[in-house]
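To start, the structure under review is shown below, and the notes come after it.
The values are calculated or read from the model by the stated rules, or taken from the named source; none is laboratory data. Computed from a predicted structure; not experimentally measured. When we count neighbours, we look across all protein chains shown, and the Cβ atoms used for this are built from the backbone with ideal geometry, even at glycine.
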Amino acid sequence: MQDGPAAWLARRISFGLLTLFLLSVVVFAGGQLLPGDVGRAILGPLADPRAVAALDRQLGADRPAVMQYLDWVLGILHGNLGQSLEFRAPVSPFILGALAHSLRLAAVALVMVVPLSIGAGVLAALRRGTLIDRVISLAGLSLTVIPEFVTSILVILLFGVWLRWLPISATWRAGTGLLGQLDHLILPAIPLVVVLFGYIARMARAGTVEALEADYTRTAILKGLSGAVVIRRHVLRNALLPTITVIAAQTSYLVGGLVVVESLFRYQGIGSLILAAAHARDFPMLEAGVLSVGAMTIAVTLLADALTAFLTPAPVPGEGG
Amino acid sequence: MSREVIAAGVVPEEAPQPSRWRLLRRSGGFRAGAAIVGFWALAALFGPMLVPWNPFATDPLHALAPPSAAHWFGTDQLGRDIFSRVIAGSRDILTIAPLATLLGTIVGSALGLAGGTLGGAFDFVLGRIIEVLVSLPLIVVALLALVAFGASPATTIVLIGLVFAPLVARTVRAAVLGEIALDYVAAAELCGESRLAIMFVEILPNVLGPVLVEATVRLGYAVFAVASLSFLGFGPGPPSPDWGLAIAENYGVIAGGYWWTVSFDAAATASLVVGVNLLAEALHQALAS
Amino acid sequence: MSAALAIENLSVAYRARGEEREVLRGVSFAVPAGGAYGLVGESGSGKSTLALAALRLLPGAGRLTGGRVRIDGREPYVLDAGGLRRLRAHDVSMVFQNPARALNPSLTIGRQVAEAYEVLGWRRAEAEERAVAMLERVRIAAAARVMASYPRQLSGGMQQRVLLAMALAKDPLLLVLDEPTTGLDATVEAELIDLIAALRGELGTAHVLISHNLGVVARLCRRVGVLYAGRLVEEGPAAALLADPRHPYTLGLLQSLPSPGRRKDQGRLATIPGFPPPPGRPTEGCVFAARCVLADQRCRTEPPAAVDLGGRVSLCHYVERIPPLAHGTIRGVAFAPVGRAPTPAVIEAVRLSKTYRVGRRAVRALSDVSFTLGPGETLGLVGESGSGKTTLARLLLGLVAPDIGGEIRLDGVPLAALAANRGAAERKALRIVLQDPDSALNRAHTVRHLIGRVLRLAGLQGAARKRRLAELLAAVRLEPRHLAERPRQLSGGLKQRVAIARAFAGEPRVVICDEPTSALDLSVQAAILNLLADLQRDHGTSTIFISHDLSVVRFLADRIAVLYRGCLMEIGPAEQVFAGPHHPYTEALLSAAGMPGERRAPVRVASTLQGTREDGVTGCVFHARCPRRLGSLCKTVAPPVVEADGHAIRCHIPRGELGLAASPD
């Protein structure tokens, strides 16, 4: 409580780095230690044991785990995320290209969901108790938990198969820009929007209801301010600040959704890359993928924290209160 | 006449508050959720005995038949009756998801109770682990672990259970800290209650409500995760009638207009998660009142 | 000329879980232009709802079910949106109970005050100039600095002034004040009340003051209405109504207050039996019948009509029977005066200090406090928020350890700092009754478990435990049926009785009561105070009674200690502390509480801009607010403790020059 915003942010960053370290340990353990004999895994059960041992030595899999981990981390810090077992090539270019694609899809989804869900939440709060409120609340409650593949099926059938409005494959054609590809991105973005909508809308509604019933809103009404000014200056200002954190907290669900949606719509993003690596038991690719999405999530959370701290007026002096 | 005497005699009856159970039963969301979840639970238990067709019997001559009087939901690419398969397909998910939730709830509650009451280094480490897991997409972690350990129902249960445990622990820990801040804990300490008695006799009964709500919420996510994993090919293998698997198997033909091959499985999945979530919300409301 | 506010036959209902609950019924009263009207009632009586309903500010679930409201002849429920907004912009204002919640946390004070002027058509720069002037008018010295602050950076008293400034910006016809001083410290409250009264004189605004505090209403209002369970049970001129009540509830309320100067050895407090009904419970007859000494069959079945008594109104079937009731019926057994034999002290606190670490800073919650507590004695501990009262209680109980050098002795034997290291008998010797029974009683357990558990830990078994449980239950006047109930099934007063039974269960030597009645309704408070005095007398228990309410402390305490910011400013026999000579801070407290015989100009202390404490004070902790400080001496040199006749005062001012209570003639 005594910290200024800078010290607070420094603490958040150090927590973020610690989280990143623990994540790397988990990924390393999951990807390199647990699968056991890497050489055997690659060469298959029928391979000559000498060949397996030679490959192990070549990959460094016969050394102590701590040494392997340090090598691995040092490699990552130098930009070397490892060699893909499947493609016999460095994984970094695959990861970077896929991340760029996924970010575009995520951006399309966020551009759709943020205004939609906040708008719906605020509308429900302003009309609370009415039919609109109940519909929005119930939709928010139900849509959040429906798996993306279910909604994907629905939108594909509806818009792709029956109405034929939009293409059902999102595969990125070489040479197209974001705008050229946009019609291919809308359909896959919808399932992501559906999953994210509910939680954000519910939090926006709750925040707005609280602000509407607050005494400071009554004070503002009694000043004789017009309804629009009361809502914009006094209600929304206080109601929507926590929504930043709420949206950031959805990043991990968004990434989970990308795995499903990208593979369904055949989009070359990080999700489909991870899924393909998992099916091919391409551990270096899988590790790099998981680590990079984990790092992204941590970064987003930190950014949201920083933004919230920046927008919160006047830190409390002294012992607060 | 001393009024204190009267005071003892005519203390008016306080209007008894309606019990939480009664509030719960009156809630429409609870009834709807209970009906949906109850239906699928019965289907999982007895469905395979009651369905009109053998869910595994193939009939290549009637493959991809649209819904009809004989096959209410139509048939799939191998000519199997989709209605029978949807009913029978509830069994896997309704075994794996609740068991995973149970595991996560038990481990998580123990961790949360210990973290909240013990504090210190244990609590700090727990807090960091929770932070890591919250920042990780469940599906992605699950993929990594399933590849590392090999996919099987047992792996899925343990995996989801362990991923949920810290999330449950977070809720329980917060509830425990809320209780510790209350004066009755200090009062119990002053009366000489042991630490264990304070943990289990004083605090635990008051955090059971939040635990129940959290477990129901988790069950919803468990169904979500299990269904997604089996859709991605890390669940039961063919010829299981599992919903996620069925959608993955038939997804390729929907562009040809065979909508019934996936729609009913999708609706079943959606209804189950929505049902569980309605229950969770109703429980939450009843306990918050 | 039309009244500033006229309310006719107003009824309001809330929807909760699909049921309509009527929280106000048939309320009528009027406030003339420039008048001052007080609405008195306990929690749940509907007084805040009445205020919100009058200004058409009811929350979503609330609805006007009948009646009319007129503000200066205009009806807010009939006006269109524009008319309503004009009415609010020019003619009505409201100040809410909790100023921290009534100010927008994300806008500066300047923005919020100026906004009130911008609505009236002033341009931004002019509006800000006027805002500064208005802040100065509510006696804010550093107005420019306050303008640039956010609400959280101001103390509660300062925030409430800002709200007053905002409310008065439009020079309204009508100002509604909903518990404007509740939750503020006594000295700050006194200052604000003076300010409110002065501003009404200057501006001629009509005031509606809502309060549970009869003293505040009596000081500020000309007419008073008494609300009980949503009905205005009595209404009339303040002086007449308070001196000669004509409703059994008003009478009971007045009699159950520990009147200033009253002590436990002069007799018990009168009590109103039972508890107020929960809001919105439908009643057939008179709402007060269940608790009324006069009630008969007619009262229970037939709702009373308003009886006009010539300028005042009462809602009672038997108005004529009330004046006789007021005279001479309140007789009870007086508590035997406690003889203070020169026996060895039960508790000796020696040089207790407590420093908390907040971040990198050390905050001194208690510094160098020493006192003794004799057998059977009650020590009243008085102080405002942040004075260290509760820290002291926690130290004594062993919930926190004092700084090195402090010591607590029980019967002359030093106690371990923490309860965990104390022996079972030592732990049993000290017990506490806390302010909030909701927090102090585990809601998971029944009353039987709550009390029985303590008895079992005290070593009682089988039949002996059962017998003791029954005794305790009878002693706190609970009934056997309560044993099977859980705290949420009990009202506040009953819960506090359970907490008291639990505290006395192990036959403690000392019971510490930390504000045991401040969470309770007035009409329930008296019974709890009587009960504590009874138990203490019957068991010979020593008591430390912590409270911010001087009249309550005076009623119970044999000796009084006054704490300010962790320092013991004054300690001595109760009569001497009240009679003087006083420490200047005690004098300000007494003056704020409006003790009788106070004929001189009130003693007021300046409230600080921020609620924070100044660090590195080498002199007296009170010097910054002290109206009698002696220049730099008080700021730099710690004052000496001067004692005479067991009455010690920590002050630089010579004892002979300290204030005395005026003679009570």
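In this structure, does A:Ile298 turn out to be at negative phi and modelled with pLDDT of 85 or more? Criteria met by A:Ile298. Scanning region C:401-456 for residues that are part of a loop (DSSP other than H, G, I, E, B) and within 31 Å of the chain's Cα centre (by Cα) gives C:Ala401, C:Pro402, C:Leu434, C:Gln435, C:Asp436, C:Leu441, C:Asn442, C:Arg443, C:Ala444, C:His445, C:Thr446. Considering only residues in region B:90-113 that are in contact with a Lys or Arg (Cβ under 9 Å, 6 or more places away or on another chain) and over 23 Å from A:Gly271 (Cβ atoms), the one that is surrounded by the most Cβ atoms within 10 Å (Cβ to Cβ) turns out to be B:Gly112. Inspect region B:143-159 for any residue being modelled with pLDDT under 90 and touching a strand residue (DSSP E or B) at 6+ places or on another chain (Cβ under 8 Å) and give the result as yes or no. For region B:143-159, residues modelled with pLDDT under 90 and touching a strand residue (DSSP E or B) at 6+ places or on another chain (Cβ under 8 Å): absent. From the list A:Ile247, A:Ile270, the one residue that fits, being closer than 23 Å to B:Val134 by Cβ and either at the interface with another protein chain (Cβ under 10 Å from one of its Cβ atoms) or among the aromatic types (Phe, Trp, Tyr) (or both), is A:Ile270. In region C:184-233, of all residues being assigned to a helix (DSSP H, G or I) and among the small types (Gly, Ala, Ser), the one that is surrounded by the most Cβ atoms within 10 Å (Cβ to Cβ) corresponds to C:Ala190. Residues that are free of Cβ contacts under 8 Å to residues at least 24 places away in the same chain and under 24 Å from C:Val524 (Cα atoms) within region C:431-464 comprise just one, C:Ser439. In region C:62-91, the residue that is farthest from A:Ala220 (Cα to Cα) out of those that are away from chain A (no Cβ under 14 Å), assigned to a strand (DSSP E or B) and among the β-branched types (Val, Ile, Thr) is C:Thr65.
One residue stands out in region B:233-252 among those that are in a loop (DSSP other than H, G, I, E, B) and surrounded by 23 or more Cβ atoms within 10 Å (Cβ to Cβ): the one that is farthest from the chain's Cα centre (by Cα), namely B:Pro241. I'd like to know if region C:165-185 contains one or more residues that are over 27 Å from C:Leu58 (Cβ atoms) and modelled with pLDDT under 90. Within region C:165-185, one or more residues are over 27 Å from C:Leu58 (Cβ atoms) and modelled with pLDDT under 90. If the condition is being of a type in the set (Ser, Thr, Tyr) and either over 28 Å from the mean Cα position of the chain (by Cα) or surrounded by fewer than 19 Cβ atoms within 10 Å (Cβ to Cβ) (or both), then region C:14-38 contributes only C:Ser28. Once region C:278-289 is narrowed to residues that are touching a Phe, Trp or Tyr at 6+ places or on another chain (Cβ under 9 Å) and at pLDDT 80 or above, the residue that is nearest to C:Leu64 (Cα to Cα) is C:Val287.
Checked against the criterion of being more than 10 Å from every other protein chain (Cβ to nearest Cβ) and either part of a helix (DSSP H, G or I) or without any contact (Cβ under 8 Å) to a residue 40 or more places away in the chain (or both), the candidates A:Leu275, A:Leu286, A:Leu254, A:Leu236 yield just one match: A:Leu236. Being modelled with pLDDT under 85, hydroxyl-bearing (Ser, Thr, Tyr), surrounded by fewer than 17 Cβ atoms within 10 Å (Cβ to Cβ) and more than 25 Å from C:Phe29 (Cβ to Cβ) is a property that holds for C:Thr329. For C:Asn104, the test of being at pLDDT below 90 and more than 13 Å from C:Lys170 (Cα to Cα) is failed.
Filtered by the rule that a residue be under 18 Å from C:Pro487 (Cβ atoms) and charged (D, E, K, R), region B:171-192 gives B:Glu179, B:Asp183. B:Ala282 meets the stated requirement of being surrounded by 23 or more Cβ atoms within 10 Å (Cβ to Cβ), within 14 Å of chain C (Cβ to nearest Cβ) and small (Gly, Ala, Ser). When residues in region A:201-234 are screened for being among the β-branched types (Val, Ile, Thr), more than 17 Å from A:Ser117 (Cα to Cα) and crowded, with 24+ Cβ neighbours inside 10 Å, 1 of them pass.
Take the residues in region A:132-147 that are buried (at least 21 other Cβ atoms within 10 Å of the Cβ) and at the interface with chain B (Cβ under 7 Å from one of its Cβ atoms), then tell me which one is modelled with the lowest pLDDT. Ranking the candidates gives A:Val145 first. All of B:Glu193, B:Glu189 fail the test of being facing chain C (nearest Cβ under 10 Å) and buried (at least 20 other Cβ atoms within 10 Å of the Cβ), apart from B:Glu189. Determine whether C:Gly423 is within 10 Å of chain B (Cβ to nearest Cβ) and either touching a residue at least 24 places away in the same chain (Cβ under 8 Å) or surrounded by fewer than 21 Cβ atoms within 10 Å (Cβ to Cβ) (or both). Yes, satisfied. Checking each residue in region C:111-125 for being closer than 16 Å to C:Ala148 by Cα and either away from chain A (no Cβ under 14 Å) or exposed (fewer than 13 other Cβ atoms within 10 Å of the Cβ) (or both) picks out C:Arg124, C:Ala125. Would you call C:Gly267 of a type outside the set (A, V, I, L, M, F, W, C), touching a residue at least 40 places away in the same chain (Cβ under 8 Å), within 25 Å of C:Ala527 (Cα to Cα) and within 14 Å of chain B (Cβ to nearest Cβ)? Yes; evaluated as a whole, the condition is true for this residue. Would you confirm, using the coordinates I've provided, whether C:Val132 is within 14 Å of another protein chain (Cβ to nearest Cβ), assigned to a helix (DSSP H, G or I), under 34 Å from the mean Cα position of the chain (by Cα) and hydrophobic (A, V, I, L, M, F, W, C)? Criteria not met by C:Val132.
Taking C:Ile544, is it surrounded by 22 or more Cβ atoms within 10 Å (Cβ to Cβ), within 20 Å of the chain's Cα centre (by Cα) and within 14 Å of another protein chain (Cβ to nearest Cβ)? Considered against the rule, which asks whether it is surrounded by 22 or more Cβ atoms within 10 Å (Cβ to Cβ), within 20 Å of the chain's Cα centre (by Cα) and within 14 Å of another protein chain (Cβ to nearest Cβ), C:Ile544 comes out as no.
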